[in-house]
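The values are calculated or read from the model by the stated rules, or taken from the named source; none is laboratory data. Note that the structure is a prediction, hence the values are computed from the model and not measured. Here the Cβ positions follow ideal geometry from the backbone for every residue, glycine too, while neighbour counts run over all protein chains shown.
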Amino acid sequence: MPHVPQQAVAGGVPLARPGLARGLLTACRPRQWLKNVLVTAAPLASATLFTPFGLWRTAVAFVAFCLAASGAYLLNDAADAARDRLHPVKRHRPVAAGVVPVRLARVLGVALMALAPVAAAATGGWKLPAVVAGYVVLAVSYTFWLKHQVVVDLVAVAGCHVVRAFAGAVAVEVPATSWFLVVISLGSLQVVAGKRQVELAVNGTAGTRGTLAGYSAAYLSQVRSIASGAMIVTYCLWALRQGTGAAAVAYAASIVPFLLIVLRHNLLVDRGAGEEPEELALRDRPLQVFIGLLALALAAGIHVLPQVELVSINFVAGW
């Protein structure tokens, strides 16, 4: 009788594998859901996030992208199971380790990705489901083709981040300006190039990611430099054109923490700490402080100071 690993058989019917439920949850990579916070960028910038309308629609977009992203991770892990088993870290992933069967990961991944646009339809419109469906198409294309194409794989992963940010604008029905999209695009490219650079430094061209053989550390560093420089210039041009009075000062002040975030990320990548970008935001205290300062400066410019000025004007006019 053939051996069936990690499961028992009763009456010819395989019983549940030990730890299967936990393995499935781990394979969905809930820690990666942090990336989906990008859907809040446009609602925050447009001061609509904390309205009942904005909060509900942003929450729907967040859930839809969590479903789509988890489905994509399951599908990707099913496709890469054999190669992941050769990686010192990825071999511990539930699918590669055999905790979650490849077929189950594939079926559940497709189901979650199909469910994501349906969940997005809770907003009552067609635009957000269409954007989520576009993300699904891009993610599937990446899993089976784009990730094997040098340079294209960088743009494809960055594009997934941009779609998330764009979806937030679509969810709350505010326009996504060219400034917003350019900064998000360049920032995403910087993060992805940094991730690849660290992977190359840690694993070399013998890693499980085939495109690494097509890159050099110098090239990826150059991509980071180009993306960082262009993003800083774009953000500065945007920030210096925003607001009036005290609000304009807050926007201008936001340039400082923004610059610190970019410089800190590049420093961490050079130290070999950018292979899992979401871990940087969760663990690096200086980066957390800089992000907090940026959020405070933008909140002051977008929400607080304009209201204070409005109250002051009304008070003076009434007096």
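Structure values in brief
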{"quantity": "Test: residue in the range 73-84 that is closer than 30 Å to Glu173 by Cα, at pLDDT 95 or above, touching a Phe, Trp or Tyr at 6+ places or on another chain (Cβ under 9 Å) and surrounded by 19 or more Cβ atoms within 10 Å (Cβ to Cβ)", "calculated": "no"}
{"quantity": "Long-range neighbours under 7 Å by Cβ, at least six apart or interchain, first residue in contact (Cβ under 8 Å) with a residue 60 or more places away in the chain within the range 37-63, second of a type in the set (Lys, Arg) and in a helix (DSSP H, G or I)", "calculated": "Leu38/Arg164; Val39/Arg164"}
{"quantity": "Residues of the range 129-165 that turn out to be in a helix (DSSP H, G or I) and either among the aromatic types (Phe, Trp, Tyr) or outside the structural domain of Ala27 (by TED's automatic domain parsing) (or both), as a count", "calculated": "3"}
{"quantity": "Entirely in the range 29-128, the helices (runs of 4 or more DSSP H) that have 3 or more residues that are more than 22 Å from Phe144 (Cβ to Cβ)", "calculated": "41-45, 52-79, 102-120"}
